[in-house]
1. Scan region 37-55 for residues that are in a loop (DSSP other than H, G, I, E, B) and more than 9 Å from the chain's Cα centre (by Cα) and jot them down.
2. Suppose we keep only residues that are among the polar types (S, T, N, Q) and outside any loop (DSSP other than H, G, I, E, B) within region 1-36. Which one would you say is farthest from Leu80 (Cα to Cα)?
3. For region 61-81, give me each residue that is touching a Cys at 6+ places or on another chain (Cβ under 9 Å), surrounded by 14 or more Cβ atoms within 10 Å (Cβ to Cβ) and either outside any helix (DSSP H, G or I) or modelled with pLDDT under 95 (or both).
4. Just one of (1) under 16 Å from Gly9 (Cα atoms); (2) surrounded by 12 or more Cβ atoms within 10 Å (Cβ to Cβ); (3) over 10 Å from the mean Cα position of the chain (by Cα) trips up Asp58, so point out which.
5. Quick check on my filter: what residues within region 1-15 are closer than 19 Å to Glu70 by Cβ and either touching a Ser or Thr at 6+ places or on another chain (Cβ under 7 Å) or surrounded by 13 or more Cβ atoms within 10 Å (Cβ to Cβ) (or both)?
6. How many of the residues making up region 16-32 are more than 19 Å from Ser43 (Cα to Cα), surrounded by fewer than 16 Cβ atoms within 10 Å (Cβ to Cβ) and not small (Gly, Ala, Ser)?
7. Could you list, in sequence order, the residues of region 33-52 that are surrounded by 12 or more Cβ atoms within 10 Å (Cβ to Cβ) and either over 21 Å from His73 (Cβ atoms) or of a type outside the set (A, V, I, L, M) (or both)?
Amino acid sequence: MPDLISLTGIKRHYDVGGEVVRALDGVDLIIRPNEYISIMGPSGSGKSTLMNMIGCLDTPTNGTYEFEGELVHEMDDNQLA
């Protein structure tokens, strides 16, 4: 059975006023079926960005996201919904 969620080298960088903000910078995460996790950290550490990425509401600047063994960037709108 494939991992439920697999993030490898995920980066999400934003350009804010000519300055690069590194919201996520090389995140690796594996969530297996039937696992429970919590995302914790101080304000500004990238928790919301990570959750938006996992929920397919945002796309990475770089890296690989697989959901149940399928590459998310290759999914169509119906699969993402």
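1. Matches in region 37-55: Ile37, Ser38, Ile39, Met40, Gly41, Pro42, Ser43, Gly44, Ser45, Gly46.
2. Only one residue fits best here, namely Thr8.
3. Within region 61-81, Tyr65, Phe67, Met75 meet the criteria.
4. (3)
5. Asp3, Leu4, Ile5, Ser6, Leu7, Thr8, Gly9, Ile10
6. Going through region 16-32 one residue at a time, the tally reaches 5.
7. Once the filter is applied, which keeps residues that are surrounded by 12 or more Cβ atoms within 10 Å (Cβ to Cβ) and either over 21 Å from His73 (Cβ atoms) or of a type outside the set (A, V, I, L, M) (or both), region 33-52 yields Ile39, Ser45, Gly46, Lys47, Ser48, Thr49, Asn52.
Quick grid of which residues meet (1) hydrophobic (A, V, I, L, M, F, W, C); (2) at positive phi:
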| site | (1), (2) |
| --- | --- |
| Glu19 | no, no |
| Ala23 | yes, no |
| Asn34 | no, yes |
| Lys47 | no, no |
| Asp58 | no, no |
| Gly63 | no, yes |
| Glu68 | no, yes |
| Met75 | yes, no |
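The values are calculated or read from the model by the stated rules, or taken from the named source; none is laboratory data. For clarity, every value in this text was computed on a predicted model and none was experimentally measured. Positions of Cβ are backbone-derived with ideal geometry, glycine not excepted, and every protein chain shown enters the neighbour counts.
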